[in-house]
Amino acid sequence: MAIRTAGLTDVGCVRKHNEDSYLAEPGLGLFVVADGLGGHAAGEVASRIVVERMAQFVEETQEKDRTWPLEYDTRLGFDGNRLKAALLLADQAITDDIQRNPERETMGSTVVACLLHESKVTLAHVGDSRAYLLNPDGIQQLTRDHSWVAEQVANGILTPSEARTHPFRNVITQALGSGGDLEVEVQEFELGELDRLLLCSDGLSGMVSDSQIWDIVAQAPDLQAAVEALITTARENGGEDNITAVLIESGREEA
Ligand code: CA
């Protein structure tokens, strides 16, 4: 089954550096968006460490007969454990880098990542980078932001529209490299023939509404045109942050 993908990142209209990193590697079935934190170039380092460490681990674990580096979670399948371990190893890699380079003490990264084999999706995230499912029926946010405003919405204190403009909208409640215990959420599901996955940083989801994202992707002639149009629209809407989008589809015949 063919996997098709397109990814793009852009510094946006306000920031001087692009601290987002992404990976779209159909050969490994691995797709990652990481949004670095920490400024002064450290955020760029953190998000790059995440992408590189995850790719390295997924590549090393293509064969199953390997001693597992971390506790194996029996509630998850092999790919669920792989993705979770990749995230935890990326977290450790940032912490290790900070020990060698104390000037990067404040760096960290969010991440949203998926493994895709045939139509089987394994999805995991930490922070407010998001995954969406898009198909002719509409758009659905698959990930629950690990952010202060998302907690307020879940508790009925803020409405979703208040959350979008709240001054604390960028406050995340967990990130890779923060030194604390991580609560990695992993989902496993099947991708339908007309489904597309979107992985993105908050520079897209904070600037472009869900319905606008759906319209843009539905109208674009192909995935590359779709990610270009998403970035263009995020910039037109203000481009206040770095913008990254990775689109993935599986199982359709070549046109
Ligand atoms: Ca961001």
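Throughout, read-outs are computed from the coordinates displayed, never taken from laboratory work. Keep in mind that what you see is a predicted model, and the values were worked out from it rather than measured. Every residue, glycine as well, gets a Cβ built from its backbone with ideal geometry; the counts of neighbours run over all protein chains shown.
Here, the stretch 1-54 yields an orientationally averaged convex hull projection of 4.0 nm² when only Cα atoms define the hull.
Diagonalising the gyration tensor over the Cα atoms of the stretch 1-129 and scaling each eigenvalue by 5 before taking the square root yields semi-axes of 26, 19, 11 Å, largest first. Note: relative contact order over the stretch 2-251, using C-alpha pairs below 8 Å and six or more positions apart, is 28 percent.
The charge dipole of the stretch 187-255, taken about its Cα centre with unit charges on the Cβ atoms of Lys, Arg (+1), Asp and Glu (-1) only, comes to about 220 debye. Cβ-Cβ distance of residue 64 and residue 187, R₀ of 30 Å, FRET efficiency by 1/(1 + (r/R0)^6): the value works out to about 0.90. Size descriptors for the stretch 214-254 (Cα atoms only): Rg and Dmax, in that order, 11.5, 38 Å. Specify whether the C-alpha gyration tensor of the stretch 155-219 places it in the rounded, prolate or oblate class, a ≥ b ≥ c being the square roots of the eigenvalues: rounded for a/c under 1.5, otherwise prolate if a/b is larger than b/c and oblate if not. Note, shape of the stretch 155-219 comes out oblate. With 10 Å bins beginning at zero, the pair-distance distribution over Cα atoms of the stretch 2-251 amounts to 8, 33, 38, 19, 3 %.
If the elastic network links every pair of Cα atoms under 10 Å, which of 63, 188, 118 fluctuates the most in the Gaussian network model of the chain? Most flexible of the set in this elastic network: 63. Take 154-162, 80-88, 207-215 and order them by the average number of nearby Cβ atoms within 10 Å per residue, most first; the result is 80-88, 207-215, 154-162.
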